[in-house]
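Everything on this sheet refers to the single structure shown next.
The values are calculated or read from the model by the stated rules, or taken from the named source; none is laboratory data. In this text, all values refer to a predicted model and were calculated from it rather than measured experimentally. Glycine gets a Cβ as well: all are built from the backbone with ideal geometry, and neighbour counts include every protein chain shown. Calculation scope for accessible area: heavy atoms of the full protein, side chains included, ligands and nucleic acids excluded. Shrake-Rupley method; radii C 1.70, N 1.55, O 1.52, S 1.80 Å.
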Amino acid sequence: MKALGKYSIGLGDRFGHQGNAQLMAIIEAGKKGIEITPVWNKSNREHITIGTEPGDVRKEADTVTKNLAFTKPYFVDADHINIDTVDRFIPGSDFFTIDVASYIGKKADEKEIQNFIKTVEKYSVKLQIPGIKEPFKISDSQLLEIAEKYLFAAKKAGEIYRKIESSKGKGNFVTEISMDEVPLPQTPVELFFILKMLGSEQIPLQTVAPKFSGRFNKGVDYVGDPLKFATEFESDLMVISFAIKEFGLPENLKMSVHSGSDKFAIYQHIGNLIKKHNKGIHLKTAGTTWLEEVIGLAESGGEALTFVKDIYSKSLDKIDELCAPYADVIDIDRTSLPSKNVVSQWDSTKFADSIRHVQGNKSYNPNMRQLIHVAYKLAALKMDEYFKLLDKNEKTVSKCVYENIYKRHICRLFEIK
Ligand SMILES: [Zn+2]
């Protein structure tokens with residue numbers, strides 16, 4: 001079976017230019033004793049916006065690993081696919097994030113629901129999960145509610161999994177199930193029964209991405225109570241361990257956190273808890289590499305700075321259109337966005353500091369950062385010019401990409417000094 005390592009990180013690279021810098025960060029972590037499996041992920045939405053094909057991500061991953069003589073496993077993730085979008089991802093991907101969000105809440109057949117309830121009735125009086133102090137008491141109505149909410153989605157996940165399996169062959173790819181793009185978080189109890197359903201579908205899932213409490217906006221820090229998150233996260237870890245034994249799920253099944261990048265407030269908690277319980281983790285980051293490209297171009301000055309100022313200016317004109325697809329995962333206070341005129345006067349440092357995620361820096365503006373994060377489409381419209389600038393200023397840009405992944409993400413999560 002193609003197996004994901006204990007630690008893995010999902011790397012987004014919208015324009016396919018930064019794989020080298022990203023891999024350097026992974027290699028550096030390895031030198032410090034933290035082996036991380038790189039997974040390049042790109043969703044259907046990103047491919048459509050930019051006009052790339054899933055095969056392009058495969059090409060990039062194969063090229064950079066070859067160039068840097070990286071001989072350890074790496075993967076290409078068909079990120080957030082469903083039954084309608086999976087096809088074109090099948091040839092080039094060996095990691096599939098099956099997204100069941102759109103199926104949650106749709107009801108399975110009454111008979112299937114009743115059958116499921118029969119198989120889990122034994123847990124309903126008292127569900128004692130090792131590692132969690134208090135047992136859960138689950139009423140019949142609660143159990144029915146869970147079955148009505150999730151069983152159809154689990155069956156759909158089975159259908160998608162089997163579609164991929166029939167084409168790629170059993171054991172030749174990693175399967176993840178994601179449920180993070182929904183309005184409400186799943187509780188540890190819900191996660192337990194969802195894993196039962198996925199086990200019954202015989203999906204050899206290696207990672208599962210629930211939705212946690214709090215907000216995971218793209219490219220900015222966690223919004224919520226980090227301690228509450230830690231309690232929930234730890235319960236979920238215990239649920240996964242127990243479910244592996246109870247439902248015959250793969251031994252290496254682990255938590256996947258679709259972080260949206262930059263969740264600095266909770267990295268330390270995640271790091272401590274996986275260490276405490278000796279667990280693995282898959283940390284999926286968003287395409288914030290694009291933001292690092294913008295920062296690098298701003299730092300480069302001249303025509304590169306002019307280019308990114310123009311992107312920002314246009315993003316203000318098209319703010320509604322750019323934000324719409326990301327409405328659930330961004331929070332932009334429009335009154336805190338600097339005007340075009342103000343920004344046109346800025347130098348390299350001011351522009352870069354405004355969007356680089358360094359909270360102590362007075363210029364840092366999370367609203368501007370989020371807006372530029374969703375504005376990558378505007379660079380895609382001037383792709384030739386954009387790529388020329390990236391190539392010309394490669395050294396500065398790749399340093400930004402590398403430092404972001406290595407210092408701000410990997411070092412914090414794994415407490416590398
Ligand atoms: Zn996600």
* Asked: Does the range 1-21 contain any residue that is touching a Gly at 6+ places or on another chain (Cβ under 8 Å), open to solvent by 40 Å² or more (accessible area, probe 1.4 Å), away from the ligand (no atom under 15 Å from the Cβ) and modelled with pLDDT under 95?
  -> yes
* Asked: Taking into account only those residues within the range 175-192 that are in a loop (DSSP other than H, G, I, E, B) and open to solvent by 10 Å² or more (accessible area, probe 1.4 Å), which is nearest to Asp140 (Cα to Cα)?
  -> Thr187
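Quick check on my filter: what residues within the range 133-155 are more than 22 Å from Asn82 (Cβ to Cβ), buried (at least 17 other Cβ atoms within 10 Å of the Cβ) and of a type in the set (A, V, I, L, M)?
Result: Ile138, Leu143.
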* Asked: Do we have Gly30 as open to solvent by 10 Å² or more (accessible area, probe 1.4 Å) and at pLDDT 95 or above here?
  -> yes
* Structure fact -> Only unsatisfied item for His277, checking (1) touching a Phe, Trp or Tyr at 6+ places or on another chain (Cβ under 7 Å); (2) surrounded by fewer than 18 Cβ atoms within 10 Å (Cβ to Cβ), is (1)
* Report, ordered by the first and then the second residue, all pairs with beta carbons closer than 8 Å, sequence separation of six or more or different chains, a first member in the range 167-193 that is modelled with pLDDT under 95, and a second member that is open to solvent by 10 Å² or more (accessible area, probe 1.4 Å) and more than 16 Å from the ligand (Cβ to nearest atom). => none
* **Residue, nearest to the ligand (Cβ to nearest atom), within the range 95-127, restricted to residues that are open to solvent by 100 Å² or more (accessible area, probe 1.4 Å) and in contact (Cβ under 8 Å) with a residue 40 or more places away in the chain** => Lys106
* Among the residues of the range 160-172, is there at least one that is on the phi > 0 side of the Ramachandran plot and either in contact with a helix residue (DSSP H, G or I) (Cβ under 8 Å, 6 or more places away or on another chain) or open to solvent by 10 Å² or more (accessible area, probe 1.4 Å) (or both)? -> yes
